[in-house]
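Have a look at the structure below before the remarks.
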Amino acid sequence: MPTLLKDLRPRSEKRAAALKDTRPRVTLSFYRYVKIGNPDAFRLRLLEAWAALGCMGRIYVAHEGINAQMNVPKEHFEAFDAWVQAQPELTGVPYKIAVEEGPMPSFYKLTIKVRNKIVADGLDDDSFDVTNTGEYLTAAQMNEYIDDPEAVVIDMRNAYESEIGHFENAIIPDVDTFREELEVVPKLLTVHKNKKIALYCTGGIRCEKASAWMKHQGYTNVKHLKGGVIDYKHQVEREGLPNKFKGKNFVFDERLGERVGDEVISHCHLCRTAKSDTHYHCKNQVCHVLFLGCDACIKARDGYCSAKCRLTDKAPEKLKKLYARYYNRYFRPAQFKKTKLRAG
Ligand SMILES: [Zn+2]
Ligand SMILES: [Zn+2]
């Protein structure tokens, strides 16, 4: 198989090809903050090895490390693991294996990008000690924090993530990006400065940076959930602990969420009455807004977020262009957040 430098096929074609490949896959994620001297060379090394194994996913590489969300054909998982563990930058890196595999693959292609940072946090890393991270909390310790009235649990994810699932008693900042979160949280919570604080996110990566940042801001007792909600679920099952996470854990792949608690805690954004924790992207590519939809509304609007989006999607090219041009100013539905997905 030739090295896949850039897959230029249209999305629909990639999707169709991926759907034909019905081999069972393992969806996993991992990250590591590690000095990478030459991210471009590192990227090529990953690309060559992982394309040959049929891996798909979205991976960010930077001087500061790697953040990977991907899937691997089950039959190649051993080879994949052996290869990863043999790389000096990755030896011993723990994987977070997805809680559930959907009927559709979690990714349709392999994308590896070199970035300035592996998570967009807006921080100047030279202005504080990024290695001064908080201690880890296990799932059992996290449960103790949740029950402890003296402790504060903070959700470090975006509002569209915490809307469908979060820990009992957690503080849930209403923010759209991690950058905003890091700005808002230290300012809002100064009354808790000397309390026991537990941070959590999807897979743990955001809390590595956030815990160091909070400590730099004068918070003395900051810890964070190791492996995030994904690993919490595994630990809860393995150790028979009570599950204190309600609802779904938002994930950054085609599945958009994995169930952790049984209950649905959010509502459909269209009718505002039926319960739903299923995310959809509006089928109109101009819009593509992320929203929660109940079965009835999705059926009634054919997967579009609004009648305007449905109509213009089938309109002549000229009209479509106009819609695209004025979408943000006039047509973006007010009840949805301006949300663009970013791996976290
Ligand atoms: Zn509805
Ligand atoms: Zn729309």
Quiz prompt | Only Lys, Arg (+1) and Asp, Glu (-1) charged, at Cβ; the range 139-229 dipole about Cα centre in debye | solution = 500 debye
Quiz item: For Ala300 and Thr273, what is the calculated FRET efficiency with R₀ set at 22 Å and r taken between the beta-carbons, to the nearest 0.05?
Solution: 0.95
Quiz prompt | Spin-label model distance (nm) - Glu317 vs Gln87, 7 Å beyond Cα toward Cβ | solution = 4.2 nm
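For the residues His288, His279, His63, what sequence is obtained by ranking on other C-beta atoms within 10 Å, fewest first?
Numbers: His288 14, His279 22, His63 17.
Starting with the residue having the fewest Cβ neighbours, the order is His288, His63, His279.
If you place +1 on the Cβ of every Lys and Arg and -1 on the Cβ of every Asp and Glu, how big does the dipole about the Cα centre of the range 266-344 come out, in debye to the nearest 20?
Working: 18 positive and 5 negative charges, 81 e Å.
So the magnitude is around 380 debye.
State the extension gain, in nm to one decimal, for the chain segment bounded by Glu135 and Ile265, taking 0.36 nm per residue of separation less the distance between their alpha-carbons.
Details: separation 130, 0.36 × 130 = 46.80 nm, distance 3.02 nm.
Net length gain for the segment: 43.8 nm.
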Quiz prompt | Distance between modelled label sites at Asn328 and Ser12, nm, 7 Å Cα→Cβ extension | solution = 2.7 nm
Practice problem: Specify the inter-centroid distance of the range 172-226 and the range 38-88, based on alpha-carbon positions, in whole Å. | Solution: 30 Å
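Mind sorting Ile66, Ile172 by how few other Cβ atoms lie within 10 Å of their own Cβ, fewest first?
Values: Ile66 24, Ile172 17.
Listed from fewest to most nearby Cβ atoms, that is Ile172, Ile66.
Over the alpha-carbon set of the chain, divide Rg by the Kirkwood Rh and report the Rg/Rh ratio to two decimals.
Working: Rg = 20.8 Å, Rh = 21.5 Å.
A ratio of 0.97.
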Quiz prompt | Cα→Cβ-extended label distance, 7 Å offset, between Arg115 and Glu144, nm | solution = 3.4 nm
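Is it possible to state the helix-based mean residue ellipticity at 222 nm for the chain, with each DSSP H run of 4+ residues giving -39500 (n - 2.57), the sum divided by total residues, to the nearest 500 deg cm²/dmol? What is it?
My calculation for the chain gives -9000 deg cm²/dmol from helical runs alone.
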Quiz item: Quick one: Kirkwood hydrodynamic radius for the range 195-344, alpha-carbon pairs, angstrom, one decimal?
Solution: 18.0 Å
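Take the Cβ-Cβ distance between Lys308 and Asp21 as r, set R0 to 51 Å, and report the resulting FRET efficiency rounded to the nearest 0.05.
Values: r = 36 Å, r/R0 = 0.71.
In this case the efficiency is close to 0.90.
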Quiz item: Would you list Met214, Met104 from fewest to most Cβ contacts within 10 Å?
Solution: Met104, Met214
Quiz item: Between their Cα atoms, which of Lys14/Lys299; Lys196/Lys246; Lys96/Lys314; Lys14/Lys308; Lys223/Lys299 are more than 32 Å away from each other?
Solution: Lys96/Lys314; Lys223/Lys299
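Only the coordinates and a few stated rules stand behind these numbers; no lab work does. Worth saying up front: this structure is predicted, and the values here are computed from it rather than measured. Positions of Cβ are generated from backbone atoms using ideal geometry, with glycine treated the same way; all protein chains shown enter the neighbour counts.
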